[in-house]
1. Which pairs have Cβ atoms under 6 Å, sit 6 or more apart or on different chains, and link a residue in the range 240-264 that is of a type in the set (Asp, Glu) to one that is at pLDDT 95 or above?
2. List the pairs whose first member sits in the range 274-293 and is in the same structural domain as Ala218 (by TED's automatic domain parsing), whose second member is in a helix (DSSP H, G or I) and among the acidic types (Asp, Glu), and whose Cβ atoms are under 7 Å apart, counting only residues at least 6 apart or on separate chains?
3. Conditions first: (1) modelled with pLDDT of 95 or more; (2) within 22 Å of Pro90 (Cα to Cα); (3) out of contact with any helix residue (DSSP H, G or I) (no Cβ under 7 Å at 6 or more places or on another chain). Glu179 passes all but one, so which condition is the exception?
4. Considering the range 81-108 alone, what residues qualify as being touching a strand residue (DSSP E or B) at 6+ places or on another chain (Cβ under 7 Å) and not in a strand (DSSP E or B)?
5. Report yes if Gln56 is surrounded by 19 or more Cβ atoms within 10 Å (Cβ to Cβ) and touching a strand residue (DSSP E or B) at 6+ places or on another chain (Cβ under 6 Å), otherwise no.
6. With respect to the numbered conditions (1) under 20 Å from the mean Cα position of the chain (by Cα); (2) modelled with pLDDT of 95 or more; (3) more than 19 Å from Met327 (Cα to Cα), which one is the sole condition not fulfilled by Ala155?
7. Can you tell me which residues in the range 109-141 are surrounded by fewer than 24 Cβ atoms within 10 Å (Cβ to Cβ), within 19 Å of Val286 (Cβ to Cβ) and without any contact (Cβ under 8 Å) to a residue 60 or more places away in the chain?
8. Being within 17 Å of Thr117 (Cβ to Cβ), touching a helix residue (DSSP H, G or I) at 6+ places or on another chain (Cβ under 6 Å) and either in contact (Cβ under 8 Å) with a residue 60 or more places away in the chain or of a type in the set (A, V, I, L, M) (or both) narrows it down to one of Ala60, Ala85, Ala66, so name that one.
Amino acid sequence: MTRNKKIISPLIIDGAHGEGGGQILRTALSLSAITSRTFRLVNIRAKRRNPGLQPQHLSATRAAAAISGAQLAGDFLGSSELVFAPTHPPQPGSYLFDVAEIAGHGSAGSTILILQTVLVPLALAQGDSTVVVLGGTHQDWAPAYDDLANAYLPALRRMGLNANAELKHWGWYPAGGGEVVCRVAGRSHPASPRASWPQPIEALKRGPLLRIAGRAVAANLPAHIAQRMADRARAGLRDLGIPVSIDPLRVRASCPGAGISLLAEYETMAASFSAHGRQGKPSEAVADEAVAALREHHASGAAFELHLADQLLLPLAIAAGPSAFTMVRPTAHLATNAWTIEQFGLAKITIEQGVLTRVHVQPTSMGI
């Protein structure tokens, strides 16, 4: 007599919860690919000015589907509801994802957010992968390529998830045209799955600040713009009394753009800060924005930079043990991401507010 296979109903997730943005979708896609759990997302990006699936979000959906063989319903631009049903664990391979192809025109949809959607699932696959993503690489409301390369990927490597990225072409708002190539090393212990899962992190302190490095970039613009950003940032950090090296750089791209990225290298952690220009925004204001973020983080004594804290919740939720870290203050993004992770039953996340915010991530035995 054959036993009936246990039927697990789709997980229903409300996309209007918390800050109601695209992170709910991306986190659900990643965890669904990892666990093979079907989910139905309603009210997608309900609290955004342009709700529903936009090119960047649809690209992330198609990317997660490509690596997990997911069956989709509601995968079209503007859709407010999506069903995502994986048919197999993440598969290694060579992948190409193009935001412009889905948009039907040039698009600066974030290549970095798409990469972050598939990177951890592919790091758990039984083999190596190469992912090429075309779109935006440096824009507001998303991590810049420099933040990925300088902070996020090193943190993953510290957890035992190995990936490297290369910036082939710069992509600025609104035309995009950027290209990022990411090479992801898959699991090396297929016979012992837990042996190569992410290792936990305890990051309550970060040690002294050793140096600050960075680059100020002007694309299709006069060289003095990059130089002014670099000079302003150096002046704003001079009193910290540590080596500061910020290089001005002029590059070619599909459209004009400007920005600055600063890397604060501490004894045990790295923190990355980026700011971008727009028409009518002085070069000095761009530099001041990045400097202010770095100085706030430095003065706080926190281990994790605000955005990195949010981005690392997912790999920490499936780590081989509990993790804890400090950050300057809780954010709506962090709380919403924690809630989304908990919907999958993978971890209990506690956010304790005080002089510093302390976050505890306790993975459970459920789901994986």
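1. Matching pairs, first to second residue: Asp247/Arg215.
2. What qualifies is Ser274/Asp146; Ser274/Asp147; Ala275/Glu289.
3. (2)
4. Thr87, Pro92, Gly93, Val99, Ala100, Gly106, Ala108
5. yes
6. Among (1) under 20 Å from the mean Cα position of the chain (by Cα); (2) modelled with pLDDT of 95 or more; (3) more than 19 Å from Met327 (Cα to Cα), the lone unmet condition for Ala155 is (3).
7. Trp141
8. Ala60
The values are calculated or read from the model by the stated rules, or taken from the named source; none is laboratory data. Fair warning: this is a prediction, and the values are worked out from it, not measured in the lab. Methodologically, a virtual Cβ is constructed for each residue, glycine included, from the backbone with ideal geometry; neighbour enumeration extends over all protein chains shown.
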